[in-house]
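> Here it is, the structure in full.
No value in this document is a laboratory result; all are computed from the given coordinates. All values derive from a computational prediction rather than experimental measurement. Glycine also receives a Cβ, built like all others from the backbone with ideal geometry; neighbour counts cover every protein chain displayed.
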Amino acid sequence: MGTSPKDARIELRVTAAQKEAIESAAAISGRTVTAFSTEVLTERAQEVIQQDRRLRVDADAFDAFQSVMDRPARSVDGLRNLLTRTSVFVDGD
């Protein structure tokens with residue numbers, strides 16, 4: 001499997017403390033700052049993209065959800081009794 005040529009750049013400005021932490025982490029992991037940063041940034045980018053995809057809902061699905069939420073609440077047999085009766089749990093003062 002071939003690798004794609006690296007033909008794009010990203011430049012970052014960081015504080016001295018951030019630079020030192022990144023360099024230390026790269027050294028600990030036995031990689032260059034570029035290799036370390038590329039891997040970490042790519043992994044985090046994929047996490048953000050996946051989270052966005054999981055949370056996104058198409059318009060039809062959202063409209064259906066909104067329709068259900070707009071319906072008046074209905075009584076559930078026994079629920080009012082359950083929520084108003086004395087608890088079986090005793091506070092251990």
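> Taking a quarter of the surface of the convex hull around the Cα atoms of the chain, what do you get in nm²?
16.7
> Using all C-alpha to C-alpha distances in segment 16-69, build P(r) with 10 Å bins and read off the rounded percent in each one.
All Cα pairs, binned at 10 Å, distribute as 21, 28, 19, 13, 15, 4 percent.
> What is the packing order of peptides 63-69, 9-15, taking the mean over residues of other C-beta atoms within 10 Å and listing the highest first?
63-69, 9-15
> Cβ neighbours within 10 Å, averaged per peptide: list 23-30, 53-60 in order, most packed at the top. Working shown, then result.
On the way: 23-30: 12.0, 53-60: 8.2.
Packing proxy ranking, top to bottom: 23-30, 53-60.
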